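Asks: Provided herewith is a single structure, encoded as structure tokens, for subsequent inquiry.
Computed from the coordinates by the stated procedures, all read-outs in this text should not be read as laboratory data. The shown structure was predicted, so the numbers you read here are calculated from the model rather than taken from an experiment. Counting neighbours? That spans all protein chains shown, and the Cβs are built from the backbone with ideal geometry, glycine included.
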Amino acid sequence: MSCAIVWFRGDLRLADNPALSAACAEHSQVLPLYIHSPQEAAPWRPGAASRWWLHHSLAALNERFHAKGGSLHIRHGDALSVLRQLAQATRAEAVYWNRQYEPAAIARDTRIKEALRLEGIHVHSKPGNLWREPWQVATKVGEPYRVFTPFWRSLRTDLDGSPPLPVAQAAQWLRLDGGLPLSALELLPRIRWDTGFGQLWKPGESGANELLEVFCDDALSSYAKARDLPARHGTSRLSPHLHFGEITPRQIRAALLRHADRRDSRNRPDPEPYLRELGWREFAHHLLYHFPTSTQEDFNPNFAGLRWAEIGEDQLARWQSGRTGVPLVDAGMRELWHTGWMHNRVRMVAASFLTKNLRVHWQSGARWFWDTLVDADLANNTLGWQWVAGTGADAAPYFRIFNPVTQSQKFDPDGVYLRRWLPELADVPTRVLHEPWADPACLRRTGYPSPMVDLAASRQAALAAYSELRRVREVPD
Ligand SMILES: Cc1cc2nc3c(=O)[nH]c(=O)nc-3n(C[C@H](O)[C@H](O)[C@H](O)COP(=O)(O)OP(=O)(O)OC[C@H]3O[C@@H](n4cnc5c(N)ncnc54)[C@H](O)[C@@H]3O)c2cc1C
């Protein structure tokens with residue numbers, strides 16, 4: 001009887017799980033293990049919304065194992081010590097895991113791999129959550145990509161087209177005493193701010209697959225146009241499921257193609273626009289892997305000289321709680337607080353308002369998103385913030401400053417999204433809804449705040465700071 005441990009981390013699923021499938025194929029007994037060690041992710045320990053998701057996702061994974069006659073063994077503490085102890089207790093010959101790409105995870109896994117191998121335990125790390133490993137995509141001269149379009153062109157010609165792996169089944173799932181109940185990890189908030197979360201989300205593998213089916217049936221065919229409209233459910237909302245590895249890009253692509261094939265050629269939805277967005281996710285992981293300091297440094301070093309503004313806690317709190325007085329920004333920040341998610345178009349506008357109009361460093365915003373997003377993902381969040389701030393690889397030029405009024409007039413013309421999240425403005429006529437300050441009586445009547453900055457003047461101030469930077473450094477147009 002040979003035994004293996006499968007260490008679950010960002011891959012909380014049974015299907016299309018290379019580490020689990022390999023362990024089940026190569027060993028007769030398999031112990032599924034989760035180790036809670038947030039300190040090992042420092043300085044990016046999971047935020048509050050991520051912890052909520054993690055709790056429910058682990059519960060769902062455990063249920064999946066129960067249905068198959070197994071159980072997820074849960075432990076807390078230093079990962080290497082726990083693995084050593086369990087390898088000894090079970091006489092495991094091998095440990096399997098799927099790779100993660102955050103700098104802290106890479107350092108931890110390298111250390112653990114070396115230590116276990118020295119002790120005669122085989123370690124198998126598998127690719128699991130991307131189409132291609134970050135080092136497999138390179139320019140003609142073998143360098144990492146810094147621009148999305150050529151990265152995507154290269155990746156697109158070489159997507160992993162192999163079919164997803166079926167749900168893994170061990171000859172015998174090993175059940176061990178001494179594991180912790182999930183509640184012992186204390187992942188759920190003490191003060192229950194999470195009531196809205198449960199109504200919207202179903203963490204876990206089956207929740208991910210249901211959402212994918214709904215997306216394919218209802219939204220895939222209109223995705224290219226509807227993905228920019230925050231009032232519509234025009235996007236997949238798969239981001240937290242992808243982050244926690246409850247579903248893989250390979251499974252999604254297979255489902256999209258299957259779905260397209262079921263339709264006749266005239267009504268066949270084009271999966272390309274959606275695959276391209278998953279391409280941005282791959283690009284973000286490619287950048288994080290090759291440029292690990294980009295989580296705390298401007299990708300473009302010339303921006304190190306940019307003058308950011310110092311604003312008080314109370315001012316920052318107005319942005320965080322959706323009380324800036326700018327409707328599209330406030331609607332987005334309140335959606336984030338209530339649901340743990342924000343529409344991509346509104347993320348861009350809210351981030352632009354913080355970094356350009358308020359000129360607050362992008363890292364303050366990234367930290368808030370990290371704590372409040374259920375899909376908080378180091379690679380995607382860093383890319384998103386640096387892109388909007390203009391400091392990143394393949395970023396929007398700094399001088400392209402989103403105008404939140406024209407953005408909401410264009411992408412939420414009837415104000416459906418604004419009214420959903422700003423109930424105090426529900427009865428305001430659409431012509432004033434996008435800029436209620438234009439009608440002082442409306443502000444008095446509704447109690448909605450005046451804008452915390454003048455949009456035009458703050459835009460000019462940001463452009464002046466940028467001109468100053470360009471004068472002293474060589475920042476391209
Ligand atoms: C300031 C800012 C911060 C962001 N932070 C995060 C984050 O922490 N986690 C996160 O997953 N996404 C982040 N994004 C990217 C994007 O907003 C979300 O991935 C998207 O809104 C998730 O919704 P969805 O699953 O319905 O997307 P869909 O439109 O259905 O897209 C499908 C999938 O593609 C990927 N994707 C889509 N757009 C992007 C993008 N611009 N960059 C990278 N991957 C993308 C996601 O995995 C997404 O689930 C951020 C964007 C900005 C502007």
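Asks: How much of the calculated P(r) for the range 3-128 lies past 19 Å, in percent of all Cα pairs?
Replies: The share of Cα pairs beyond 19 Å in the range 3-128 comes to 46 percent.
Asks: Averaging sequence separations of C-alpha pairs under 8 Å and six or more residues apart, then dividing by the length of the range 382-441, give the relative contact order as a whole percent.
Replies: Answer for the range 382-441 is 18 percent.
Asks: About the Cα centre of the range 1-84, how large is the charge dipole given +1 on each Lys and Arg Cβ and -1 on each Asp and Glu Cβ? Please answer in debye to the nearest 20.
Replies: On the way: 8 positive and 6 negative charges, 36 e Å.
Around 180 debye, computed over the range 1-84.
Asks: Rule-of-thumb check for the chain: C-alpha Rg over 2.2 N^0.38 Å?
Replies: Against the empirical 2.2 N^0.38 Å value, I get 1.03 for the chain.
Asks: What 222 nm value per residue comes from the helices of the chain, counting each DSSP H run with n ≥ 4 as -39,500 (n - 2.57) and dividing by all residues, nearest 500 deg cm²/dmol?
Replies: -14000 deg cm²/dmol
Asks: At 4 °C and a viscosity of 1.567 mPa s, what translational diffusion coefficient does Stokes-Einstein give for the range 201-328, taking Rh as the Kirkwood radius over Cα pairs? Give it in µm²/s as a whole number.
Replies: The diffusion coefficient I find is 73 µm²/s.
Asks: Still on this model: Kirkwood-based Rg over Rh for the range 370-477 (C-alpha set), two decimals?
Replies: 1.05
Asks: What is the dipole size for the chain, taken about its Cα centre, with +1 at each Lys and Arg Cβ and -1 at each Asp and Glu Cβ, in debye to the nearest 20?
Replies: For this selection, approximately 340 debye.
Asks: Now for a different question. Between the range 322-366 and the range 417-476, how far is it from one alpha carbon centroid to the other, in angstrom?
Replies: Cα centres, the range 322-366 to the range 417-476: 12 Å.
Asks: Sort the following peptides by mean Cβ neighbour count (other Cβ atoms within 10 Å, averaged over residues), highest first: 372-378, 178-184. The partial results should precede the final answer.
Replies: Values: 372-378: 23.6, 178-184: 12.9.
The most tightly packed comes first, giving 372-378, 178-184.
Asks: Taking the range 194-236 on its own, what percent of its Cα-Cα pair distances exceed 15 Å? Numbers along the way, then the final one.
Replies: Numbers: 455 of 903 pairs.
Tail of the P(r) past 15 Å holds 50 percent of the pairs.
Asks: So which lysines can Lys68 reach, going by Cα to Cα under 25 Å and dropping same-chain residues fewer than 8 places off?
Replies: Lys126, Lys202
Asks: From zero outward in steps of 5 Å, how is the percent of C-alpha pairs of the range 358-404 spread across the bins?
Replies: 5, 22, 29, 24, 16, 4, 0
Asks: What helices does the chain hold that run 18 Å or longer along their axis, going by alpha-carbon atoms, with a Kyte-Doolittle average of -0.5 or more, using DSSP H for the helix calls?
Replies: Values: long enough: 48-67 (29 Å, -0.29); 103-118 (23 Å, -0.18); 205-218 (20 Å, -0.24); 249-262 (20 Å, -0.88); 272-290 (26 Å, -0.78); 455-472 (26 Å, 0.17).
Correct list, ordered by number: 48-67, 103-118, 205-218, 455-472.
Asks: Can I ask one more? Using only the Cα atoms of the range 301-470, what do you get for the radius of gyration and for Dmax, in Å?
Replies: 15.5, 47
Asks: So, one more: Straight-line reach from Lys356: which aspartates and glutamates have a Cα under 17 Å away, not including same-chain ones fewer than 8 places off?
Replies: List returned: Asp298, Glu310, Asp330, Asp454, Glu468, Asp477.
Asks: Let me ask another. Rounded to the nearest 20 Debye, what is the dipole magnitude of the range 291-400 about its Cα centre when Lys and Arg each give +1 and Asp and Glu each give -1 at the C-beta?
Replies: Dipole magnitude for the range 291-400 comes out near 360 debye.
Asks: Sorted by packing (mean other beta-carbon atoms within 10 Å per residue), highest first, where do 105-113, 136-144, 56-64, 278-286 land?
Replies: Highest to lowest by the protection proxy: 278-286, 56-64, 105-113, 136-144.
Asks: Moving to a separate point now. At q = 0.10, 0.15, 0.20, 0.22 Å⁻¹, what log₁₀ I(q)/I(0) does the range 52-198 have when each alpha carbon counts as one equal point scatterer in the Debye sum?
Replies: One equal scatterer on each Cα of the range 52-198 leads to -0.54, -1.08, -1.35, -1.43.
Asks: Considering the options Gln251, Phe8, Gly392, tell which one lies farthest towards the positive end of the dipole of the chain, charges being +1 on Lys and Arg and -1 on Asp and Glu at the Cβ, about the Cα centre.
Replies: Working it through, the farthest residue towards the positive pole turns out to be Gly392.
Asks: Let me ask something else about it. In whole percent, what relative contact order does the chain give with Cα contacts below 8 Å and a gap of six or more residues? It would help to have the intermediate numbers written out before the result.
Replies: Numbers: 732 pairs, mean separation 82.6, N = 477.
Relative contact order here is 17 percent.
Asks: Given the options Ser50, Leu336, Ala438, identify the residue whose Cα lies farthest towards the positive end of the charge dipole of the chain (+1 on Cβ of Lys, Arg; -1 on Cβ of Asp, Glu).
Replies: Among Ser50, Leu336, Ala438, the one farthest towards the positive end of the dipole of the chain is Ala438.
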